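The values are calculated or read from the model by the stated rules, or taken from the named source; none is laboratory data. What you see is a predicted model, and the numbers here were worked out from it, not measured in a lab. Neighbour counts are summed over all protein chains in view; Cβ atoms, including those assigned to glycine, are modelled from backbone coordinates with ideal geometry. Protein only, heavy atoms only, side chains kept; ligands, DNA and RNA dropped before computing areas. Shrake-Rupley method; radii C 1.70, N 1.55, O 1.52, S 1.80 Å.
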Amino acid sequence: MTSLATAAFCVGGLTFADSAHAVDSVCTGMQSKSFSTPGFDTDVKLQVCIQESPTSPASEDYRTYTAVLSGVFTDGGGGSTRKFDNFDLEIRLESSPAGGTGSDYVDSKAVCDVTASINRDDSAGLRCQTGLKMHVNMRPRVTGDATVRYDIDADGKGALGPWDLTGSPHL
C-alpha cells in the first residue's frame, strides 16, 4: 500500500456515520520518532486505532473490526535524497476473549511498504490497515497493534529497530 496525500486520524469514541451505520473508534495519542537519515532527519508521527462498525445488512449478527495505523512524515527525501532502504508499517488486529487475560491472538495483519513515498516526497500522510468480520457472539476484546521496521540508507548498519508502537485501547 502506498502513502496517502492526507492522513485519516481516529478520534476516540466519535461516531463517524449515521446511527444505523455508526463506527466506534478508539486510538492512541500520536507516537513520534526522529530518524537520523541522510540530509535532514526524517520525523514520523503515527497513531494506532481500532474501529468497529456494523455490517450490512443490519440484520446480520456480525461486526467489522479495522485496525488502522495512520500518521505523517516530514523531511523525507523530496526525490533528491534517499532516506531509507526499507520502511515498512505493520498493523495487526488482535483479540482476546472478553474478560480474559493472557496473550492476544493475531486475527489479521497487513504490512505496507512506504519506502518509495518517504524517499520521493518531502512530507505526506501514511496509512496501513487490516480488518476482519466477527460474529457478535464471540464478544472479543479487540485492539490494534503496530510495528515499524526500517533500514536507513547508507548507514552501514542494516535493518534497525523495530519501533514497536503502543497498541490501541480495546473496544
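Tabulated data
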read-out: Residue match in region 93-100 (condition: in contact with a helix residue (DSSP H, G or I) (Cβ under 8 Å, 6 or more places away or on another chain), of a type in the set (A, V, I, L, M) and in a strand (DSSP E or B)); value: no
read-out: Unmet requirement for Gln129, which otherwise passes all of (1) more than 30 Å from Phe40 (Cβ to Cβ); (2) open to solvent by 60 Å² or more (accessible area, probe 1.4 Å); (3) outside any loop (DSSP other than H, G, I, E, B); value: (1)
read-out: Answer from Asp88, Asp121 - the residue that is touching a Gly at 6+ places or on another chain (Cβ under 7 Å), acidic (Asp, Glu), modelled with pLDDT of 95 or more and open to solvent by 10 Å² or more (accessible area, probe 1.4 Å); value: Asp121
read-out: Subset of region 144-171 (residues that are among the hydrophobic types (A, V, I, L, M, F, W, C) and either at pLDDT 95 or above or not in a loop (DSSP other than H, G, I, E, B) (or both)); value: Ala146, Val148, Ile152, Leu160, Trp163, Leu165
